[in-house]
Amino acid sequence: MTDESTKPTPVGKIFNLINDSLLKPIAALYHSDNLKNMGLARAIGLIALTVLVLMFLTGLWWNRSPNLFDVQAAAQKRADRYNEKLVPGYITTNTLIEVANTLLNKSGGYSTNDIMPPSVFIDDMPSWEWGVLQQVRDFSKALRNDISRSSTQSEDPDFEHAGRPIEVEEKTPWMEVDNVFYEARGTCWALIHFLRAVEIDFKDLLKQKNTAMILQQVIIQLETTQKAVWSPLILNGSEFGLFANHSLVLSSYISRANTGIIELYNLLNH
């Protein structure tokens, strides 16, 4: 009679299958005796190929954009840690800190400054980081010069000039389409968090000006830009052509968000 306790569980069966069909053959392939039998040239080639594959897989993992986080939950966590209260502006300031920390602590860290593989082979993530970094700089300046500035302080004329929109029509070179695409996605990723924080911290003002719904629509349009990209390449085809036009799709969402921001700006100034 077979002891039921000795029968492998379904998980155990799967593990045994992986061990027998994958792990054991790999271990045998890299065994010192097998490497000696291969000869020096083939052994070095196998090791080099293995290193390249591992770098490629690591690069794919590091090249993923971080998920969106809950700005209110992140602020509450910090407030609980330091025994602080969520006063107006707390969530906005904490969101800026969290976004900046994400650049440093995401998978692979801040890859733009890396000079070693696999970071040097990652093309999209540095562009994404640049988009986020620009928004961190601009929002930090806005916090200092606009949001936290009292009415008696003079406004920086350079900042006022920098805030004016400048429209420049420029055709992106084909080899730089993916860089511009991921820079825009990084910009939108940061803006989503900043606008979510503003929506909470300044909800009374937004309600008073009847602009809360407009800001929500802007955030929704920006959130749509963060949908997963399943194509291995960022294409810039024609509208109804054979190939997709990822840039056109992304710009359509950004354009609608920009229209909402302009409307929000005009209403808040009245």
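Numbers for the structure displayed
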| read-out | value |
| --- | --- |
| Residues (more than 22 Å from residue 110 (Cα to Cα) and surrounded by 13 or more Cβ atoms within 10 Å (Cβ to Cβ)) located in region 34-66 | 34, 35, 38, 43, 46, 50 |
| Every residue from region 196-228 that is closer than 17 Å to residue 71 by Cα, among the β-branched types (Val, Ile, Thr) and either over 17 Å from the mean Cα position of the chain (by Cα) or not assigned by TED's automatic domain parsing to the domain that holds residue 86 (or both) | 198, 200, 218 |
| Hits in region 1-20 - residues which are surrounded by 10 or more Cβ atoms within 10 Å (Cβ to Cβ) and at pLDDT below 75 | 8, 12, 13, 15, 16, 17, 18, 19, 20 |
| Total residues in region 216-270, condition closer than 24 Å to residue 194 by Cα and not in a loop (DSSP other than H, G, I, E, B) | 30 |
| Residue tally, condition more than 16 Å from residue 92 (Cβ to Cβ) and modelled with pLDDT of 80 or more, over region 119-148 | 11 |
| Residue in region 63-83 that is at positive phi and assigned by TED's automatic domain parsing to the domain that holds residue 195 present | yes |
| Residue 123 vs. criteria within 24 Å of residue 181 (Cβ to Cβ) and among the acidic types (Asp, Glu) | yes |
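Here's the yes/no breakdown for (1) farther than 21 Å from residue 198 by Cα; (2) part of a loop (DSSP other than H, G, I, E, B):
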position	(1), (2)
61	yes, no
64	yes, yes
95	no, no
108	yes, yes
117	yes, yes
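The values are calculated or read from the model by the stated rules, or taken from the named source; none is laboratory data. Every value quoted in this text rests on a predicted model; they were computed, and no experiment measured them. Glycine also receives a Cβ, built like all others from the backbone with ideal geometry; neighbour counts cover every protein chain displayed.
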